[in-house]
Amino acid sequence: MDTVVFDVGNVLIQWNPRHLYRKLFASEAEVEAFLAEICTDAWNLEQDRGRSWAEAVAERIALFPRHEALIRAFSDRWHEMVPGEVPGSAAILEALRDGGVPLYAITNFSAEKYAEARERFPLLRGFRDTVVSAHERMVKPDPAIYRLLLDRNGLEAARCLFVDDSAANVRGAQEVGMRAHHFRDAAGLAAELRALGLPAGAAA
């Protein structure tokens, strides 16, 4: 095990639309209803698959014209959903990089928002290669997206540790032969890295 492959959202940088919509609705119930019925996970995933934000917003407004301002906010105020880095993850990246461990990333991310996030967060720029779902028109946990990273970089699956906060994405990596860590916090990841003989820096 000598290579580590990271997810981005909620492993390296925080993302949750509730950070924004709690400012826009009076109650938690209204937030949850909006995210369950209008700007849903399935709708957002299509941007990760390559649909533009202009098309996505127009499609939702056509269906829910009464909520136009709230729908536009999902794109226009996207950065308010991303309050910062996940605590402790940058230190782990630095320790791995200082230890000479090859680092890669596979992320479900829209092309537009990934470009903005990469500008905002320097820790996203240090990977040898990053597979961005929208660029490839495929999303995790499709086995093809993991194989793309492996094939493009000549990597052996069994020598890679994949790190993701989604259980489904973890299983997808395991299905192509990668070892995978279900990320919950930096301390848990650091413990697994040390158990595998990989550097993790000071206790996270």
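Here are some notes:
- Antiparallel %, DSSP beta bridges [both residues in the chain], to 5: 5 percent
- When the surface is traced with a 1.4 Å probe over the full set of protein chains, Lys23 keeps roughly 120 Å² accessible.
- Accessible carbon and sulfur surface of region 20-130 relative to its total accessible area, %, 1.4 Å: 52 percent
- Three-way shape call for region 100-204 based on the alpha-carbon gyration tensor, with the a/c threshold at 1.5: oblate
- Förster radius 22 Å - calculated FRET efficiency between His79 and Arg128 (Cβ-Cβ, nearest 0.05): 0.25
- Dimensions (Å) - the chain, Cα atoms, principal axes, largest first: 55, 33, 28
- By average C-beta atoms within 10 angstrom, highest first, the peptides 94-101, 169-176: 169-176, 94-101
- Heavy atoms of the protein chains alone define the surface here; on that basis region 1-89 has 47 Å² accessible area per residue at 1.4 Å probe size.
- Inter-label distance, Glu192 to Glu156: 2.1 nm, where each label sits 7 Å from its Cα along the C-beta direction.
- Pairwise FRET efficiency - Ala167 versus Lys23, Cβ, R0 = 45 Å, nearest 0.05: 0.95
- Extents of region 56-121, taken as max minus min of Cα coordinates on every principal axis and listed largest first, are 53, 19, 16 Å.
- Residue among Val82, Val31, Val131 with the largest mean-square fluctuation in a Gaussian network model of the chain, springs linking Cα atoms under 10 Å: Val31
- Applying 0.36 nm per residue to the separation of Leu148 and Ala62 and subtracting their alpha-carbon distance, the gain on full extension is 27.4 nm.
- A 1.4 Å probe run over the protein chains yields, for region 134-195, 48 Å² of accessible area per residue, whole-number rounding.
The values are calculated or read from the model by the stated rules, or taken from the named source; none is laboratory data. As the structure is a computational prediction, the values presented were derived from the model and not from experiment. Ideal geometry is used to build each Cβ from the backbone, glycine not excepted, and the neighbour counts take in all protein chains shown. Accessible surface is based on the protein model in full, side chains and every heavy atom, while ligands, DNA and RNA are left aside. Shrake-Rupley method; radii C 1.70, N 1.55, O 1.52, S 1.80 Å.
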